[in-house]
Amino acid sequence: MLKISGAYRKGAAAAALAALVMAGSAVAPAQAYAQRQHIDNDMARCAAGAGSAIIVDVSGFETASGIVRIQSYPATRKAWLEKGAWINRIEVPVKPVNGKMRFCVPLPSAGRYGIAVRHDVNGNGKTDLSRDGGGFSNNPKASIFNLGKPAVEKAAVPVGSAPVTIAISLQYL
């Protein structure tokens, strides 16, 4: 009978556990958001057969200045709009055509996701409530009485294995 040392068994068990965790994170949508990737707005990623994605049509820009930021989140209470919980982020100068801009946001797999858009009018990287605009998937309304984040149920978008298109109208206070 072959005798295996305790240190070897612990090392083998740790390696097996690490392999299971790594395999699970590749397919589990809840783990996918930890990637936090800054990506380009590449519409080819939303072509037929490209996989899960959301095409986001943003309208309502009050000015053609500053930066627009699009972020995707898992549509879970734990991750929705939480700092650092986003999956992909696109930041580009505001250059609307006929008042609109279109974005392709690829996603790791089919599931429920939410999109947040911010128009940083002066491009300073800070949220200026009196100047900047924003919006969310499914266009939940913001008001002076409701400055908090909308419930995830109001912003969740079901996404299959092909791109879906949504429209977000920016709101300014």
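Compute the semi-axes of the equivalent ellipsoid of segment 72-173, taking the square root of 5 times each eigenvalue of the Cα gyration tensor, and list them largest first in whole Å. Don't skip to the end; give the middle numbers.
On the way: eigenvalues 94, 58, 34 Å².
Over the Cα atoms of segment 72-173, the semi-axes work out to 22, 17, 13 Å.
Of LYS100/LYS154; LYS78/LYS154; LYS78/LYS149; LYS126/LYS149, which pairs sit farther than 20 Å apart, going by alpha carbon to alpha carbon?
Details: LYS100/LYS154 23 Å; LYS78/LYS154 15 Å; LYS78/LYS149 13 Å; LYS126/LYS149 17 Å.
Pairs exceeding 20 Å: LYS100/LYS154.
Throughout, read-outs are computed from the coordinates displayed, never taken from laboratory work. If you're wondering where the values come from, they're calculated on a predicted model, not measured in any experiment.
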